[in-house]
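Beneath this line is the structure, given in structure tokens, with notes to follow.
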Amino acid sequence: MNRTYKMVIAAMLAGMFMGCQPETVEPAGGADTDTDTDTDTDTDTDTDTDTDTDTDTDTDTDTDTCELDDIDPRTIYHIGHSLTDRMADLFNFMVQSHTGEDVGYFYKSIPGSSLYHHWNNPTDGSKGNLRGENPIDTLRSGQFNAISLTESTNLDYLHDHPTKSSSDHANLWVDEFLEHTTSSDPKVFIYSTWYGRNVDGPDTPETTEAFITDIEERQFYWEIIAQAVQDEHPETPVRIIPGGLVMKLMQERVLDGTLVLPDGLTYRETFFKQNSPWHGGCDTLDYIHLSMSGIYAIALTHYAVIYESCPIGLPTSIPYHSYSDGCIEAESVDVDPELATAIQEIVWEVVRDYSWTGLE
């Protein structure tokens with residue numbers, strides 16, 4: 001890494017810890033957005049489910065031989081929304097603790113936003129360790145060797161929209177990245193998420209099954225986006241980070257009794273955060289945003305796909321400067337060690353068995 005590159009990254013990292021507090025911003029409006037923020041509850045109105053998808057999450061993956069591999073740290077820029085928030089510190093620590101390198105994952109998010117809204121309103125948003133910067137200008141610096149994108153949870157509406165097409169706008173972002181990156185090995189990642197659980201109250205068998213089915217059916221749309229980007233850029237690897245499929249398999253393992261959660265907690269109590277005081281109160285559960293254990297699972301999934309590497313053995317206690325989700329404030333994210341190992345194994349199983357990760 002040359003001196004200029006190191007100075008740029010060091011300056012960016014320094015900005016992450018200046019202690020500034022993000023401003024409160026209004027959701028990005030329109031049919032392509034939800035109203036989620038990092039500390040409160042989404043009110044996404046997208047409830048459609050459409051076609052099915054082929055997602056192979058068989059349980060025959062041999063995790064006994066899986067060990068942490070040597071990795072070459074990447075400098076990644078992510079365009080996202082609240083299902084990205086609070087994950088960067090975990091992911092970066094996993095990489096840094098394993099390699100000793102201080103490069104990592106940088107992002108800017110707009111609550112509930114689509115790729116279309118990001119492209120047309122690049123300076124919107126107050127979340128992320130690169131908040132306040134224009135991501136188009138940042139990408140033009142050429143310093144990133146990977147880009148990660150996610151779409152609004154309304155992607156079944158957006159994927160073929162005549163003016164807000166997910167695929168078209170993903171390609172605009174990727175075009176900008178590839179035109180300016182100085183990397184000889186650039187990569188593109190599409191982070192696939194999940195929709196919510198029962199918005200109106202506790203889960204029921206019916207809403208739990210709907211959560212599983214919805215993830216299965218929506219994965220098809222993520223694959224459409226990834227294929228469209230791959231078709232336009234055949235020389236650049238395009239991978240999917242299957243966050244939703246990990247959430248799905250953990251739920252299925254809880255239902256079949258093979259994933260036993262600590263302290264007698266339910267799946268939703270374990271992996272979803274409490275609502276903020278101004279959105280139902282801390283004695284109720286958010287229906288889409290994740291708890292510490294949930295974002296830990298998603299950070300592991302990013303690590304396994306981005307580095308094509310086994311996540312088993314990564315830290316279970318991670319320093320986190322001023323963690324806050326509206327109800328819990330902490331200086332570290334601590335996951336029960338037995339649960340963390342189980343999550344690591346499930347993540348690796350999903351990543352190994354899903355063709356769009358490139359590891360099948």
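Given the structure, is Asp353 of a type in the set (D, E, K, R), within 28 Å of Val238 (Cβ to Cβ) and touching a residue at least 24 places away in the same chain (Cβ under 8 Å)?
Values: of a type in the set (D, E, K, R): yes; within 28 Å of Val238 (Cβ to Cβ): yes; touching a residue at least 24 places away in the same chain (Cβ under 8 Å): yes.
Here the answer is yes, as Asp353 does meet what is asked.
Here Asp203 clears all of (1) more than 19 Å from the chain's Cα centre (by Cα); (2) under 21 Å from Leu83 (Cα atoms); (3) surrounded by 14 or more Cβ atoms within 10 Å (Cβ to Cβ); (4) modelled with pLDDT of 95 or more except the condition numbered (4).
Of the residues in region 270-291, at least one is touching a strand residue (DSSP E or B) at 6+ places or on another chain (Cβ under 8 Å), within 30 Å of Val188 (Cα to Cα) and β-branched (Val, Ile, Thr). Whether a residue is within 22 Å of the chain's Cα centre (by Cα), within 24 Å of Glu338 (Cα to Cα) and of a type in the set (Val, Ile, Thr) was assessed, and Thr213 does not pass this test. Scanning region 222-234 for residues that are within 17 Å of Asn145 (Cα to Cα) and either open to solvent by less than 30 Å² (accessible area, probe 1.4 Å) or touching a helix residue (DSSP H, G or I) at 6+ places or on another chain (Cβ under 9 Å) (or both) yields Val229, His233.
Within region 193-216, the set of residues being more than 17 Å from Glu252 (Cβ to Cβ) and either in a helix (DSSP H, G or I) or not hydroxyl-bearing (Ser, Thr, Tyr) (or both) comprises Gly196, Asn198, Val199, Asp200, Gly201, Pro202.
Check every one of the helices (runs of 4 or more DSSP H) wholly within region 76-192 and list those with 2 or more residues that are touching a Ser or Thr at 6+ places or on another chain (Cβ under 8 Å) and either open to solvent by 40 Å² or more (accessible area, probe 1.4 Å) or not acidic (Asp, Glu) (or both). Before you say what the answer is, go through the steps one by one.
Working: elements: 88-99, 115-120, 135-139, 155-158, 166-180.
Filter on region 76-192 gives 115-120, 155-158, 166-180.
Quick check on my filter: what residues within region 262-281 are open to solvent by less than 20 Å² (accessible area, probe 1.4 Å) and among the hydrophobic types (A, V, I, L, M, F, W, C)?
So in region 262-281, the residues open to solvent by less than 20 Å² (accessible area, probe 1.4 Å) come out as 267-268, 270-273, 275-276, 281.
Residues satisfying the conditions are Phe271, Phe272.
Only a single criterion out of (1) among the hydroxyl-bearing types (Ser, Thr, Tyr); (2) open to solvent by 10 Å² or more (accessible area, probe 1.4 Å); (3) under 20 Å from the mean Cα position of the chain (by Cα) is not satisfied by Thr258, namely (3).
Take the conditions open to solvent by 30 Å² or more (accessible area, probe 1.4 Å) and in contact (Cβ under 8 Å) with a residue 40 or more places away in the chain and apply them to Arg253. Does it pass? Answer is yes for this residue. Pairing residues of region 169-198 that are over 30 Å from Asp286 (Cβ atoms) with residues that are of a type in the set (Asp, Glu), at Cβ distances under 7 Å and at least 6 apart in sequence or on separate chains, gives Asn171/Glu232.
The values are calculated or read from the model by the stated rules, or taken from the named source; none is laboratory data. Given the structure is predicted, the values throughout are model-derived calculations rather than measurements. All Cβ positions, even for glycine, are placed from backbone atoms using ideal geometry, and neighbour counts span all protein chains on display. All accessible areas refer to the heavy atoms of the entire protein, side chains included, with ligands and DNA or RNA removed. Shrake-Rupley method; radii C 1.70, N 1.55, O 1.52, S 1.80 Å.
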